[in-house]
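The values are calculated or read from the model by the stated rules, or taken from the named source; none is laboratory data. These numbers were taken from a predicted model, which means no experiment stands behind them. In this analysis, Cβ positions are derived from the backbone assuming ideal geometry, glycine residues included, and neighbour counts consider all displayed protein chains. The area values use the complete protein model at the heavy-atom level, side chains included, leaving out ligands, DNA and RNA. Shrake-Rupley method; radii C 1.70, N 1.55, O 1.52, S 1.80 Å.
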Amino acid sequence: MPDIPVVLVTGASRGLGRGIAVEAAAEGFSVVINYASNAAAADETVALCQQAARTLDQRFLPVKGDVSNRVDRDAVLGQTLDALGRIDALVNNAGIAPRVRADLTETSEASFEELLRINLQGPFFLTQAVANHWLRAPYAPAIASGFKIVFVTSISADTASISRGEYCISKAGLAMASQLWAVRLAEHGVQVLELRPGIMATDMTSGVKGKYDALLAEGLVPQRRWGTAEDVGRAVRAVLAGHFPFTTGEVIHLDGGFHIRRL
Ligand code: NAP
């Protein structure tokens, strides 16, 4: 029987990460469900993955760990390998918005550092750890089309929001990280893709729902709706299933057409 492929999804207890975990389960993957503190939510993701799974042999493992902390990152990868024996894909999804939306003239250094550490430094170095594991890996990928890295960035990678500049900078940096790792790992058969979501209905945006409802009604997004965790999950599933075989370092927009320049 072929090995069951394993995907590690960071920030999978809630929101987009949960949607990614569930679709990966439906694709036949075992899923490591990383989270920061919300164990109950991670357990809910486990239950949803079990419902979506293709086979009884798939495993769904909640693993606590702060992606911005090196000790935690090493522990998350270590627990993945100890429990499941392998890793075939990493989805760098965990991320935070600023605690306070502040104008650029008021951005605090503490918020800047927090955003850069969690949204950029964490996924960069977790990718480095996984890449180094693969470069030494004594096993072939359990995904026919090879090992995968996915970065979940944001339309904020190239949309200037002056009330959360540190978030935009973290996502712009992450978009470059995706290209860098794509170039570095292509010759080793590792595919790297950036998924760039737009305005998505999750806890992250619940506090600004009214503002975005109004903007959507005015046509800010051509498809005129909120994006969902399932929208992102299905895109990741397509990547994991190998449906983009001759593509790497690409940006896949998941934003209902928001990014199209219009007149
Ligand atoms: P969310 O609903 O706030 O969920 C965030 C997830 O990340 C939770 O699972 C949380 O774990 C985890 N997390 C937070 N900090 C972490 C850390 N330091 N280490 C490990 N895990 C951590 O967010 P979301 O809306 O799903 O966003 C997911 C990703 O998509 C983020 O990178 C975000 O920037 C990006 N994105 C979101 C939108 C949007 O409109 N929502 C749009 C574009 C891009 P706990 O449950 O334990 O707190």
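So, in segment 188-203, of the ones that are in contact with a Lys or Arg (Cβ under 9 Å, 6 or more places away or on another chain), surrounded by 15 or more Cβ atoms within 10 Å (Cβ to Cβ) and touching a residue at least 60 places away in the same chain (Cβ under 8 Å), which residue ends up farthest from Ala157 (Cα to Cα)?
Result: Thr202.
Restricting attention to segment 167-187, does a residue exist that is touching a helix residue (DSSP H, G or I) at 6+ places or on another chain (Cβ under 8 Å), surrounded by fewer than 21 Cβ atoms within 10 Å (Cβ to Cβ) and under 21 Å from Val22 (Cα atoms)?
No, segment 167-187 has no match at all.
Among the residues of segment 216-249, what is the count of those that are over 15 Å from the mean Cα position of the chain (by Cα) and open to solvent by 50 Å² or more (accessible area, probe 1.4 Å)?
Adding up the residues that qualify gives 12.
Looking at Arg54, is it open to solvent by 40 Å² or more (accessible area, probe 1.4 Å), closer than 18 Å to Leu115 by Cα and of a type in the set (D, E, K, R)?
Spelling it out, it is not the case that Arg54 is open to solvent by 40 Å² or more (accessible area, probe 1.4 Å), closer than 18 Å to Leu115 by Cα and of a type in the set (D, E, K, R).
Looking at Leu84, Leu126, Leu115, which one is open to solvent by less than 50 Å² (accessible area, probe 1.4 Å), of a type in the set (A, V, I, L, M), at pLDDT 95 or above and touching an Asp or Glu at 6+ places or on another chain (Cβ under 7 Å)?
Working: Leu84 fails: touching an Asp or Glu at 6+ places or on another chain (Cβ under 7 Å); Leu126 fails: touching an Asp or Glu at 6+ places or on another chain (Cβ under 7 Å).
So the residue among Leu84, Leu126, Leu115 that is open to solvent by less than 50 Å² (accessible area, probe 1.4 Å), of a type in the set (A, V, I, L, M), at pLDDT 95 or above and touching an Asp or Glu at 6+ places or on another chain (Cβ under 7 Å) is Leu115.
Looking at (1) in contact (Cβ under 8 Å) with a residue 40 or more places away in the chain; (2) within 14 Å of the ligand (Cβ to nearest atom); (3) open to solvent by less than 40 Å² (accessible area, probe 1.4 Å), find the lone condition where Pro5 falls short.
(2)
Spot the failing condition for Ser163; the list is (1) touching a helix residue (DSSP H, G or I) at 6+ places or on another chain (Cβ under 7 Å); (2) open to solvent by 30 Å² or more (accessible area, probe 1.4 Å), and only one is missed.
For Ser163, the failing item is (1).
Residues of segment 8-58 being within 10 Å of the ligand (Cβ to nearest atom) and of a type in the set (Lys, Arg), which ones?
Arg14, Arg18
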